[in-house]
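Notes follow the structure.
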Amino acid sequence: TISNVKMENSWAEISIGSANGVRKNMVFHATRGDKFICDIVIFEVDPEKAVGTMKLVQEAPKVGDVVSTNL
C-alpha cells in the first residue's frame, strides 16, 4: 500500500521494499477500488519500503491506496 505521499515532489512511498523483491525502476500501479490512480516508478529501495516518482497521475494518491505490479 501507499504509506506516504509528497505531491510537491511527485513522490510516493510504498510499504514494501527489497525484502519483498522490490528493485529500482520497477513500476507499480496504484489503485483505489477498481479505479486507476497512477503509476509509481521506484527510484529508492530500503528493506521495508520503497520510494518512487508518480507518473500518469489520474487522481492524487492517498495513504492506503493499493499498489501492484499488474492491473
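Would you pick out the residues in the stretch 1-41 that are touching a residue at least 24 places away in the same chain (Cβ under 8 Å) and β-branched (Val, Ile, Thr)? Passing the criteria: 1, 2, 5, 14, 16, 22, 27, 31, 37, 40.
Inside the stretch 34-71, residues that are in contact with an Asp or Glu (Cβ under 6 Å, 6 or more places away or on another chain), surrounded by fewer than 16 Cβ atoms within 10 Å (Cβ to Cβ) and in a loop (DSSP other than H, G, I, E, B) make up a count of 1. Candidates in the stretch 4-33 are the residues that are closer than 11 Å to residue 65 by Cα and assigned to a loop (DSSP other than H, G, I, E, B); of these, the one that is least open to solvent (accessible area, probe 1.4 Å) is 15.
For residues that are touching a Cys at 6+ places or on another chain (Cβ under 6 Å) and within 12 Å of residue 10 (Cα to Cα), tally how many sit in the stretch 27-55.
The qualifying residues number 1.
The values are calculated or read from the model by the stated rules, or taken from the named source; none is laboratory data. These figures come from a predicted structure and were not determined experimentally. With ideal geometry, Cβ positions are generated from the backbone for all residues, glycine too; neighbour counts draw on all protein chains shown. In case anyone asks, the SASA skips ligands and DNA or RNA and just uses the protein heavy atoms, side chains included. Shrake-Rupley method; radii C 1.70, N 1.55, O 1.52, S 1.80 Å.
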